[in-house]
Every structure is written in C-alpha cells, then in structure tokens.
Amino acid sequence: MTYADIVERYEPVIGLETHVELGTRTKMFCSCPTEFGAEPNTQVCPVCLALPGALPVVNAVAIESTIKIGLALNCSIAEWCRFARKNYFYPDMPKNFQISQYDEPLCFDGYLDVEVDGRTVRIEIERVHMEEDTGKTMHIGGSTGRIQGATESLVDYNRAGIPLIEIVTKPVTGTGAMAPEVAKAYVAELRDVLRGLGVSDVRMEQGSLRCDVNTSLNKPGEEWGTRTETKNVNSLRSVERAVRSEIIRQSGILDDGGKITQETRHFHEDTGQTTSGRSKETATDYRYFPEPDLVPVTPAREWVEEIRAGLPEMPRVRRLRLREAWGLSEHDMQSVLNAGAVDLIEATIVAGASSEGARKWWMGELARRSNETGQELDALGITPQWVAELVSLTDAGKLNDKLARQVVEAGLNGEGTPGEIMAARKLEVVSDTGALLEAIDAAIAANPDVAEKIRGGNQGAAGVLIGAVMKTTGGQADAKTVRGLILEKLK
Amino acid sequence: MSSLIKKTAAELGELIAAGQTSALEVTREHLDQISKVDGRVHAFLHVDVEGALAAAKAVDARRAAGEKLGPLAGVPIAVKDVVTTKGLPTTAGSKILEGWVPPYDATLVERLKDAGTVILGKTNMDEFAMGSSTEYSAYGPTFNPWDLTRIPGGSGGGSSAALAAYEAPLSIGTDTGGSIRQPGAVTGTVGAKPTYGGTSRYGLIAFSSSLDTPGPCARTVLDAALLHEVIAGHDPRDSTSIPAPVSPVVAAARQGMSGDLTGVKLGLVKEFMSAEGAEPGVVAAFHAAVESLTKLGAEIVEISCPNFVYALPTYYLIAPSECSSNLARFDGVRYGLRVGDNGVNSLEEVMSLTREAGFGPEVKRRIMVGTYALSSGYYDAYYGQAQKVRTLITRDFQAAFEKVDALISPTTPFVAFQLGARTADPSSMYLADLYTIPSNLYGGPAISVPCGLSEGLPVGLQVMAPTLADDRMYRVAAALESTIGTLTPPEL
C-alpha cells in the first residue's frame, strides 16, 4: 500500500502543540538566570527549587513576550486571565505541580498562514499560554541511560522555571496528502515568526522549540478518528516524518479492521517510526485549579496596542516583499531562505550593493564555505559592508571575477577589507593598455592558426588567446577589455 | 529585675531604650523562664540560646553606638515553626521536615531582625498548621499554662502558650482558619489576623495559600499592634501582598486604650448567637463583654450574615484542596525526610514511602479530601461550589460593613478542652474554628482579645473588620481591654 493510496482512502487530521522556551534573562517566577549549559544546579534559588515557604512572582517580560507571540499569531489577548496548577508527581518538577494556564489562556483564537507548494494554508491557533519548564533527570548506572537498571538518578534544576510558551493549533483538516508538509511548514513558519520577534532562540536541537504532533485518520465523510500524540519530535524534518509515519501506521491498523488507541507515542529519529508511550486511559488526573499564589494577569489595552504597534514585519510578508524587490523566483527565494541569507543580503543591499551582486556572493562563495565548515553564514567573519565593498569594486571593473574570488578567500582568512586585501596582494586588474597589447602580440605570435580563424570571422576562437593573455598577466587583466583589444587587432 | 518577664513588649522596649535594662538582660530572663517552665509547657520546638544572646548583644551595641532604634528593639520574640528562619531548624511541626535548616529568612523574619527584635526560638504547632489543639504536632503537644491538662488551642498553640507562660512577650502566629485567634482565646492572650495580603507569606510554609495569614500574638492589644506594624506592608516577593500603606494600627490601639467607643457601631452576628455548640460559660462571658462595650459608648446592633453557617464546610473544601497541592513538594527528593531509598525501590515508591512515614493522620486526611475535591468530575461539585459560597460569605461581610464598623462574636465556642477530648472525632475539633473561619474566607482582619473567664479558663472576644481596616479592630479590642484588663494565668 503506497502513501498515495492511503491518502486516497483516508483523510488525515493533524494538530500541533509547540513548546517554546522564551529567551528572557530570568526565569518565569524568580530572578535566576536562564543561560543554557551552566553547571548543574547553579542557576537555582528557593523559588525554583520549591523550598518550603517560597512563592512565585510573574516575570513581566515573559508576559510581554507572550502577548507579542499572540499578536503575531493574530490572537485575541485576554483582558483577565489566571495561572493554574497542573498537579502531578515527577522528580524533576520541584513543586510536584507545574504552574501553567488551563481554561483561561493569555492569547486565544488566532491563525498563521503558511505556504506549501505555492498554496496558502491557514492554520488556526487555539491558544497561546504561559507555563514553566521542568528540570532534567539523568539516570546513571544503567546501560541505556534510561530509568530501567539505573542505580542513581540525578536531577539538574537549572531548567526548572524557565518560561515556556505553549502554542496549540486547532485541528487542521483538508490538507490530504500534504498533511506532513503542512505540519513541517507550520513549525518552520512559527520558528521564523518567533525568531523575528526576538522572543526565543528557537533551537530545536537544544530543546528551546519542541513539538508534539497529533494525528488521526478518518474515511471521507465520516467523523474524525481517534488521535495519537507523538512526542519528542525535535527537527523540522522529523515533524514531517512523524506525521507521515503515523498516517501509514494508523492506516495499516484501520485496514485490518483494528482500532486506534488514544495514546502518547514517541518518535525515533533513527528509525523514523513511532512507538507507544503511555495510554491516555491511564493518564494522570491533573487536578487543575487556579494558582492561589498569583494574582490574575490583566494586561491593559493600551499596553497591548503599544506592543502591537512595535511588532516587526512578519516573515511571510517580508519574504513576499523581498522576493518581489529582488526579482527572484519562488525557488531562488527558497534557496536564500534555506541558506539563512535573507538578513545578510538585505543588509548588503542597504550598504550599497545591487541585489544581484549581494546575492551572488552570499549564495555563492560564502554559502559554499559555510557548507564546507558547518559555520552559519553570519559566523564567517564577513559582514554585509564587506560584501558591498567587494561588489562595488567588481562593478567598477577594479576586480574581475577571478580576482574577486581571491579577495573573498583572503577575507575569510581575516586579511582585512577588500581594499586592504587588494593593496596587500596587489590584485588590481591590469588596465595599462600598453602592457596588454604586448601580451596580446605575444599570444598571437604563439598561436598563428587561432589568429587566422578569428580573422576569418570565428570570434569564438578568441577564448584561447584571452586565456593566454590572462596567463601572462597572472589573471590581473579584465577579460572583457582583452577580448575587445584582440578583436580590434585581428579585424 | 525578675519581674522583666511579666512586662509588656512596649514597656520592655521603653526600659531598654531608657537604658534601665539591656536587651541582653531581658533576653536572659526569658531564656531562664524557658528553661524553667518549658519542660512542662512545651511551647518551643527549638530554642536558639546562642543566637538570641548574640542578637541581644548586637542590639545593645547598636544602641550604645547611638543608633536610633524602633520601639521593639531588644524585645524577645518567639516564631511559629511554620515560618522559615535562616540557619534555624524549621519543621512546621512535621516529621517530614525534621532536621531541615532553611537557607533563607521569611520576609517577616527579615523585618523582625531589622526592627531589632530578638528571636528566642521556634514554637510548637499542629503539623503544617492543621489542627486546633497542637495535639497534631509530630513532636508532642503543647500544654495550656492555665491548666496543663488542657490544650493551648491550635494550630499556633506554642506561640500563644509561650506568652501565657511568660516565656516570651511577643510571638508570631499564622492564621488560616483561626490558628492565631483561637489559641489566643483559650490562653487568655491577644492574637490578630491581619487583612489577607497585609502581611507577606514569603517564607511561610504554605497550608492553604488563599487563606494563610501571618500575624502578631501578644499579651496586650498595644503590643500586638506594635508587632503588627513591624511585620506588615507590601512585599514584592509575594504576589498576593497588597501594595497599600498599613493602616495606623498602633495609633488606633492607643486611641482605644482611652476607653471611649462613642460613635462606633458594632454588629452582633445573629447566626453565631443561635449556633449550637457554644458553651454557656462562653456565651455568658461574651454577653458581659458586650455590656462593657455598650458602656464605653459603642452602639450594638444585630446583623444577619446568612451564609456564615456554610463557612465551615466551605473552608474544609478550599483549605484541603490547596493543601493537597501545596504539600506535594514534600517528596524526599530535595530536602527533609527520605524513606526507602535502598537502590531497589523506584522513585515513585521512595516518594510514596516518604510521605507515608512523614505525614501525620490529620495532614493525610486533608490531603486525601483535597485530592478528591479537585479531581476530574468532582471539581465543580466541591472546589468550584466552595468558591461560590466563599463569594457569598464575602458579600455578607460587605453588606454588614455598610451598616456597622465591625462585627463581634466569641472567638471560639468553647474554652480550652482536655487533651485527647476531640482527637477521636475530627469534626468536633473542626468546630473550634466555627467563628473564626468566615474572616479567612473573606480576607478581612480579625482579632481575639480576652473578655473574661468561664470556669476559671479564658474566653476570647473576636472583632472582625473590613479588609484593610485593621486599625478598627485594634481600637475596639484595646477599649475592651482597658475595661476588662489583661488576664493573669496561675504561676507555673
């Protein structure tokens, strides 16, 4: 049974719950720092360790960030809402309850438009709410690093209390075979929105953006099927693979007349498959109730409007604007996006370069280097101003393509600005016509038969002579000028 | 100067300020009294002899250096063991916290230290402040200095007994359903529950977050007001702390001490007068006190608060619900007792064994009730419904305060009972808080002041005031005290 056959007979319904660690300087309910990677249990205090008597106080920056996210996702912002306690026992959760929001989220009823294969799909947002992260448990002594067989469990509470935002979509229907791509495109778009807002570093590999994917299948015209919730989906590619694998797995069960169990499933990067986690029938009763230690959150309307007015341009709007301004095809624009070069190219243009010139270098030599070394483009040590200078030198004919590449090479080695490198390496194009004519005469003398062909009207043969001249001048001649001089001479 | 321990905190503060005695001298006298009588009273779980002497010396040094200090500088104080004290053991009366030494001071403890009071030690209490007799302390009961066969009230029996036994002139209590006022009443001392949010809960080990209120305990109304002024006021570390100035409680107490209540209108809660369970002796002492208040110029009217009769069941849903969540953190993972960590048991088993061994019967009872009341399918019928009734009780108060300045009632239906008399039947114990609980549900301030004796045992009168009008209750209580006088317990 192929995937195409499956989505002919079943309609997938998907839903996504995304957790985002906010990039606030301090934790959600105390003033401990939030930096990633510190020594275990060095970023803790009575509040985030849940020592007896300690009380939470809400981080105002986290509220503002959440409102920003809500507004960017076209949500309504509650005038009055509360935190709630979600009660369950777990050793890396210091209070044995999580401060979260239950039936009164800060942001609700929004949407995010995403593009898949040139089609715009509107993903409706159910809610955006605030909560706190847990600590991390490590199991020592077992062979697998899991709790089974471990002799000791160590808990690091540095992460406990880091502000976490949960963004929940409404069920997404009608996407058919595209469902896996839609899921991926949504998470990618959401990541770009959040990055643009500057509220999170949205690094899936570090867990600052985490995704749970709900999937169900139903036959056309029938009610929605039972859904499963796939956890541990930690890359964009995995989002797509997890949905696809769940569609295939569920269809197999349904085809055999079986029933889907409502359960949590875990996605495995290595196999691309999901395996069963805990079943929802035995799920914890979280005994939610309003958090009595915190007063309600009541963002003033003026403040919300102030935040709205300060929002940056949304990535999709910006993308469309730049694509048009730069005259790119959708495919070329996608390449620029994938390379993470949009900001750099835009800044290079602002610094004076043409859009073609800016794109040529960032997507060419520099992207190649970035691929080779695994460094991000913006970490290569080359600035937009640097590239703009390079472009202006080539546009002015002071550098030809070959020399410009050498300048880039030197720039990547930290040898200075393009101007400084040209001076130090004496890389300027030879514009002394006397010296060039001498070299051309020598080339003609060495290749009489080629010269004859050109005289006979075969201008294409000039390449051989140009090559010879470039060789004599060490590449420091402008090929166009040389070509002109040769054709003039052999007219 | 062996009479130092009988003096009020205000007097001691003045004597120290005038150089007629020293903080060290006063502290030594109280420590001596503790070593003399606490074997019989058991008001203290921990006495910090060295710390107290060092703090007293520091105050004397500050004064010698010419520093201007507050009215309670150098005055000793006892702190209920549910409040965190940096470097001093804090158990909340529970085995599950045995040996735990907090790394931080509660906000109110910081304020006590800033004011120069000298912390003598930590006082006994019902485990996690759940109880009305201090018999649920995991470390054994406290005994009432008026009669050592009787209970000193609860949960703050230690804090009130310490006052009645002259072990301390001041103490800190916490009041969730009456835990300051009812021990005050049955030990013949003063206990005030401030407006909820008027005193910081930061560092108060939570029982029921929406009800818990730290407050002052003393032998006189003025002393309670002086202590109130030290610990009250906004604290940014407690979100529910009210960012408003503290009402002038000391001035109000001094005004009341003049004995004039002309123009003050007091409401008698009708539903409390007809409630069953109040002892005749308590009712008689209360009515005599009402007579006295009338003589002082107060106008007394009867007020109906029809929803007060639901206060007890409402409280016994809200408080256990919140406690079931608040006490979840005691799991043996980070601090306190850990049982069953033998390398074989799972984490869940260790947590479970720890809680089984660490919590006493009343705490377990309330955790179970609260867990049930919050569980899916029962929330609306129990916790949700209780919150609605809480709103109705609040409206009763608001309506009453449109007609009168304050409400009055007996503090508790009965005088100190014999140890063991009510532990077999939890609901008979719960009745002790019948009159005190409404104020907690509403959040307004209330004070218990001695109003006479019944069968030789103290009876308390409760004054309940509107939220943030703590000064009003001090004025009325001080006026009553000026005509009835303080009660003197028998020599131990």
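The values are calculated or read from the model by the stated rules, or taken from the named source; none is laboratory data. All figures in this text were calculated on a predicted structure; none of them were measured in a lab. Cβ coordinates were reconstructed from backbone atoms using ideal geometry, including for glycine residues, and neighbour counts include every protein chain displayed. All accessible areas refer to the heavy atoms of the entire protein, side chains included, with ligands and DNA or RNA removed. Shrake-Rupley method; radii C 1.70, N 1.55, O 1.52, S 1.80 Å.
What to note about this one:
- Scanning the stretch A:176-186 turns up no residue that is within 14 Å of chain B (Cβ to nearest Cβ) and open to solvent by less than 50 Å² (accessible area, probe 1.4 Å).
- Complete set of residues in the stretch B:297-320 that are hydrophobic (A, V, I, L, M, F, W, C) and either within 14 Å of chain A (Cβ to nearest Cβ) or part of a loop (DSSP other than H, G, I, E, B) (or both): B:Ala298, B:Cys305, B:Leu317, B:Ile318, B:Ala319
- Output for the stretch A:12-32, where each listed residue is in contact with a Pro (Cβ under 7 Å, 6 or more places away or on another chain), of a type in the set (Ser, Thr, Tyr) and in contact (Cβ under 8 Å) with a residue 60 or more places away in the chain: A:Thr24
- Residue in the stretch B:431-454 that is surrounded by the most Cβ atoms within 10 Å (Cβ to Cβ), counting only those that are over 30 Å from B:Val246 (Cβ atoms) and at pLDDT 95 or above: B:Gly452
- Elements of type helices (runs of 4 or more DSSP H) in the stretch B:148-238, at least 3 residues being open to solvent by 10 Å² or more (accessible area, probe 1.4 Å): B:221-231
- Condition check for A:Met130: in a strand (DSSP E or B), surrounded by 12 or more Cβ atoms within 10 Å (Cβ to Cβ), out of contact with any Cys (no Cβ under 8 Å at 6 or more places or on another chain) and modelled with pLDDT under 90: no
- Close pairs (6 angstrom Cβ cut-off, 6 or more residues apart or separate chains): free of Cβ contacts under 8 Å to residues at least 60 places away in the same chain in the stretch A:205-221, open to solvent by 20 Å² or more (accessible area, probe 1.4 Å) anywhere: none
- Looking at B:Lys113, B:Lys68, just one residue is surrounded by fewer than 19 Cβ atoms within 10 Å (Cβ to Cβ), without any contact (Cβ under 8 Å) to a residue 12 or more places away in the chain and more than 14 Å from chain A (Cβ to nearest Cβ), and that residue is B:Lys68.
- Whichever residue in the stretch A:67-101 is within 29 Å of the chain's Cα centre (by Cα) and of a type in the set (Ser, Thr, Tyr) and, among such residues, is most open to solvent (accessible area, probe 1.4 Å): A:Ser76
- Residue selected from the stretch A:106-126 under the condition at negative phi and in contact (Cβ under 8 Å) with a residue 60 or more places away in the chain, by the criterion farthest from the chain's Cα centre (by Cα): A:Leu106
- Any hit, the stretch B:262-278, residues being farther than 21 Å from B:Ile437 by Cα and either within 14 Å of chain A (Cβ to nearest Cβ) or not in a loop (DSSP other than H, G, I, E, B) (or both): yes
- Residues that are open to solvent by less than 10 Å² (accessible area, probe 1.4 Å) and either at pLDDT below 95 or on the phi > 0 side of the Ramachandran plot (or both) within the stretch A:190-208 comprise A:Val202, A:Ser208, listed in sequence order.
- Some residue of the stretch A:216-228 being closer than 19 Å to A:Ile167 by Cα and touching a Cys at 6+ places or on another chain (Cβ under 7 Å): no
- Scanning the stretch A:6-23 for residues that are under 18 Å from A:Leu217 (Cα atoms), outside any loop (DSSP other than H, G, I, E, B) and touching a helix residue (DSSP H, G or I) at 6+ places or on another chain (Cβ under 9 Å) yields A:Ile6, A:Val7, A:Glu8, A:Arg9, A:Glu11, A:Pro12, A:Val13, A:Ile14, A:Leu16.
- When residues of the stretch B:339-397 are limited to those that are of a type in the set (A, V, I, L, M), under 30 Å from B:Ser304 (Cβ atoms) and open to solvent by less than 20 Å² (accessible area, probe 1.4 Å), the one nearest to the other protein chains (Cβ to nearest Cβ): B:Ala373
Conditions tested, residue by residue: (1) surrounded by 13 or more Cβ atoms within 10 Å (Cβ to Cβ); (2) of a type in the set (S, T, N, Q); (3) not assigned by TED's automatic domain parsing to the domain that holds A:Ser354.
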{"site": "A:Val387", "(1), (2), (3)": "yes, no, no"}
{"site": "A:Ser392", "(1), (2), (3)": "yes, yes, no"}
{"site": "A:Val407", "(1), (2), (3)": "yes, no, no"}
{"site": "A:Ala410", "(1), (2), (3)": "yes, no, no"}
{"site": "A:Thr417", "(1), (2), (3)": "yes, yes, no"}
{"site": "A:Ile440", "(1), (2), (3)": "yes, no, yes"}
{"site": "A:Ala443", "(1), (2), (3)": "yes, no, yes"}
{"site": "A:Gly456", "(1), (2), (3)": "no, no, yes"}
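- Residues (of a type in the set (A, V, I, L, M, F, W, C), at the interface with chain A (Cβ under 9 Å from one of its Cβ atoms) and not in a helix (DSSP H, G or I)) located in the stretch B:321-338: B:Phe330, B:Val333
- Among the numbered conditions (1) more than 24 Å from the chain's Cα centre (by Cα); (2) at pLDDT 95 or above, the only one that A:Thr264 does not meet is (2).
- Residue count for the stretch A:49-75, restricted to those that are within 14 Å of another protein chain (Cβ to nearest Cβ), touching a strand residue (DSSP E or B) at 6+ places or on another chain (Cβ under 8 Å) and assigned to a loop (DSSP other than H, G, I, E, B): 4
- Subset of the stretch A:230-254 (residues that are in contact (Cβ under 8 Å) with a residue 40 or more places away in the chain, in a strand (DSSP E or B) and open to solvent by 10 Å² or more (accessible area, probe 1.4 Å)): A:Lys231
- Filtered residues of the stretch B:455-471 (kept if crowded, with 24+ Cβ neighbours inside 10 Å and within 23 Å of B:Gly297 (Cα to Cα)): B:Val459, B:Gly460, B:Leu461, B:Gln462, B:Val463, B:Met464, B:Ala465, B:Asp470
- Looking across the stretch B:174-206, the residues that are away from chain A (no Cβ under 14 Å), over 21 Å from B:Leu492 (Cβ atoms) and not β-branched (Val, Ile, Thr) come down to B:Asp175, B:Gly177, B:Gly178, B:Ser179, B:Arg181, B:Gln182, B:Ala192, B:Lys193, B:Pro194, B:Gly198.
- Residues that are assigned to a loop (DSSP other than H, G, I, E, B) and of a type outside the set (S, T, N, Q) within the stretch B:18-65 comprise B:Ala18, B:Gly19, B:His42, B:Ala43, B:Asp48, B:Ala65, listed in sequence order.
- Qualifying positions in the stretch A:48-66 - β-branched (Val, Ile, Thr) and crowded, with 23+ Cβ neighbours inside 10 Å: A:Thr66
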